1. Would you point out the residue of region 1-22, among those that are among the β-branched types (Val, Ile, Thr) and open to solvent by 70 Å² or more (accessible area, probe 1.4 Å), that is farthest from the chain's Cα centre (by Cα)?
2. Hey, VAL80 hits all of (1) more than 20 Å from ILE12 (Cα to Cα); (2) open to solvent by 20 Å² or more (accessible area, probe 1.4 Å); (3) of a type in the set (A, V, I, L, M, F, W, C); (4) touching a strand residue (DSSP E or B) at 6+ places or on another chain (Cβ under 6 Å) but one; which does it fall short on?
3. Just checking, which of THR31, THR50, THR43 is free of Cβ contacts under 8 Å to residues at least 40 places away in the same chain, open to solvent by 60 Å² or more (accessible area, probe 1.4 Å) and either closer than 21 Å to VAL114 by Cα or part of a loop (DSSP other than H, G, I, E, B) (or both)?
4. For SER25, state whether it is open to solvent by 80 Å² or more (accessible area, probe 1.4 Å), modelled with pLDDT of 90 or more, in a strand (DSSP E or B) and farther than 14 Å from GLY131 by Cα.
5. Looking at ALA24, ALA5, can you tell me which residue is within 21 Å of GLY120 (Cβ to Cβ) and hydrophobic (A, V, I, L, M, F, W, C)?
6. Give the residue, chosen from THR145, THR108, THR118, that is among the hydroxyl-bearing types (Ser, Thr, Tyr), free of Cβ contacts under 8 Å to residues at least 24 places away in the same chain, open to solvent by less than 70 Å² (accessible area, probe 1.4 Å) and over 18 Å from THR41 (Cβ atoms).
7. Please state which of the following conditions THR63 fails to meet, knowing it meets all the rest: (1) part of a strand (DSSP E or B); (2) within 15 Å of GLY120 (Cβ to Cβ).
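The values are calculated or read from the model by the stated rules, or taken from the named source; none is laboratory data. Since we're looking at a predicted model, the values are computed, not measured. Backbone-built Cβ (ideal geometry, glycine too); neighbour counts: all protein chains shown. These area figures cover heavy atoms from the full protein model, side chains too; ligands, DNA and RNA do not enter into them. Shrake-Rupley method; radii C 1.70, N 1.55, O 1.52, S 1.80 Å.
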Amino acid sequence: NGINANAGNVNIVSSLAQILLDQASLDASVTTGSGKGGKITVTANNSSVTVPSATFHADGLDTGAGGEIRISVAAAQPVVMTSPNLAITAVGGVNAPGGIVVVSNNGTFLVNKVIKVTSGVFVTDPAVFGGSISLNGETCQKTLTSYSWPTNYWNCVNPGSATSTEEI
């Protein structure tokens with residue numbers, strides 16, 4: 001289409017007792033042309049965040065990188081994600097780097113079923129950012145390989161500076 005535009009941002013900030021995002025749909029994705037995914041930020045300054053069923057999307061399109069999704073709470077409060085109907089994506093366009101998802105103080109949930117960050121399907125260069133997930137301060141980065149299999153791996157030891165030994 002020749003249209004180049006980045007997605008916008010979604011910000012939710014609260015100091016109330018709880019943020020409840022039940023059946024919410026927060027989308028900062030590009031829908032036509034080419035552009036970077038936007039940023040979704042949910043910040044609970046004095047409360048917990050409960051997400052029983054919701055979708056968060058910050059996806060790029062074509063050459064646009066995946067966006068960024070951050071869910072953060074005060075130190076003593078939890079982020080509770082309880083449903084299999086929860087989806088969080090920060091996916092790059094077909095020729096673009098992946099996005100970033102950061103969740104603080106989260107409880108137990110099935111990360112690989114809920115969160116998807118990845119670079120585009122046509123990206124083959126291992127130097128291109130594959131995306132990252134940070135949970136409770138621990139960051140793992142998706143790294144592409146130069147092999148036909150496996151094509152990528154999650155690096156939680158040296159995210160951002162993978163060595164050839166880690167690829168093996």
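1. In the first step, residues of region 1-22 are kept if they are among the β-branched types (Val, Ile, Thr); the result is 3, 10, 12-13, 19.
Applying the additional criterion that residues be open to solvent by 70 Å² or more (accessible area, probe 1.4 Å) yields 3, 13.
Details: ILE3: 24, VAL13: 19 Å.
Filtering region 1-22 for residues that are among the β-branched types (Val, Ile, Thr) and open to solvent by 70 Å² or more (accessible area, probe 1.4 Å), the one farthest from the chain's Cα centre (by Cα) comes out as ILE3.
2. Result: VAL80 fails condition (1) only.
3. Details: THR50 fails: open to solvent by 60 Å² or more (accessible area, probe 1.4 Å); THR43 fails: open to solvent by 60 Å² or more (accessible area, probe 1.4 Å).
None of the others qualify; the one that does is THR31.
4. Values: open to solvent by 80 Å² or more (accessible area, probe 1.4 Å): yes; modelled with pLDDT of 90 or more: yes; in a strand (DSSP E or B): yes; farther than 14 Å from GLY131 by Cα: yes.
Yes, satisfied.
5. Values: ALA24 fails: within 21 Å of GLY120 (Cβ to Cβ).
Among ALA24, ALA5, only ALA5 is within 21 Å of GLY120 (Cβ to Cβ) and hydrophobic (A, V, I, L, M, F, W, C).
6. On the way: THR108 fails: open to solvent by less than 70 Å² (accessible area, probe 1.4 Å); THR118 fails: free of Cβ contacts under 8 Å to residues at least 24 places away in the same chain.
Matching residue, one of THR145, THR108, THR118: THR145.
7. (1)
Matching residues to (1) at pLDDT 90 or above; (2) touching a strand residue (DSSP E or B) at 6+ places or on another chain (Cβ under 6 Å); (3) under 14 Å from SER48 (Cβ atoms); (4) surrounded by 19 or more Cβ atoms within 10 Å (Cβ to Cβ):
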residue	(1), (2), (3), (4)
SER72	yes, yes, yes, no
ALA75	no, no, yes, no
PRO84	no, no, no, no
VAL91	yes, yes, no, yes
VAL94	yes, no, no, no
ILE100	yes, yes, no, yes
VAL103	yes, yes, yes, yes
ASN112	no, no, no, no
